[in-house]
Amino acid sequence: MSYSAQVTRGFLKRIFQAQLVFITLIAIFYSFTADIHAGIAAIFGGVIALVNTLLLRWNFERAEHFAGNDAGQNMKLLYRTAAQRLFSTIGLFVIALGVLKLQPLPLLVGFIAGVTALLVARYGFKK
């Protein structure tokens, strides 16, 4: 395993941990200040961000295993990963708002907290 792959794995792990912390704090906040339904909506919003991170990790593993140093294969996988993340985010928001009828504001705040964890993991936890 290359050094860059080890660094990327560590970075994705830090992102996931930061997302879990942020989502938990937001869910607790909404559960105590509003109601349990708002907490559930915030958790679902955070799960959408977690799914994006897990898709990123899964496709990173696939690129390392299958594509290797082939630039063409890596570009195909890059575009596929972007499309998967976009459509999974849209689909999960449709499920949350349309099917489950979750509260929009806590849902968005949970998602934003999960995405904000990306920045915190990048700039806040430097070694």
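The values are calculated or read from the model by the stated rules, or taken from the named source; none is laboratory data. Because the structure is a prediction, the values reported are computed rather than measured. Reconstructed Cβ throughout: ideal geometry from the backbone, glycine too, with neighbour counts over all protein chains shown.
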Margin query: farther than 25 Å from L119 by Cα, part of a helix (DSSP H, G or I) and in contact (Cβ under 8 Å) with a residue 40 or more places away in the chain: is that true of H65 in this structure?
Written below: no
Of the residues in the stretch 35-46, those that are in a helix (DSSP H, G or I) and either hydroxyl-bearing (S, T, Y) or surrounded by fewer than 19 Cβ atoms within 10 Å (Cβ to Cβ) (or both) number 2
Conditions (1) buried (at least 17 other Cβ atoms within 10 Å of the Cβ); (2) without any contact (Cβ under 8 Å) to a residue 12 or more places away in the chain -> F87 fails only (1)
*Answer yes or no as to whether L50 is of a type in the set (A, V, I, L, M, F, W, C), under 19 Å from R122 (Cα atoms) and surrounded by 13 or more Cβ atoms within 10 Å (Cβ to Cβ).*
yes
All-but-one check, A41 against (1) touching a residue at least 40 places away in the same chain (Cβ under 8 Å); (2) closer than 22 Å to L119 by Cα; (3) among the hydrophobic types (A, V, I, L, M, F, W, C), failing number (2)
Checked the stretch 95-107 for anything in contact with a helix residue (DSSP H, G or I) (Cβ under 6 Å, 6 or more places away or on another chain) and either assigned to a helix (DSSP H, G or I) or at pLDDT below 95 (or both); matches are A96, P106, L107
Handout entry: Test: L97 is touching a residue at least 40 places away in the same chain (Cβ under 8 Å), under 22 Å from V47 (Cβ atoms) and of a type outside the set (D, E, K, R)
Key = no
Of the residues in the stretch 53-84, those that are in contact with a helix residue (DSSP H, G or I) (Cβ under 8 Å, 6 or more places away or on another chain) and loosely packed, with under 12 Cβ neighbours inside 10 Å come to F66
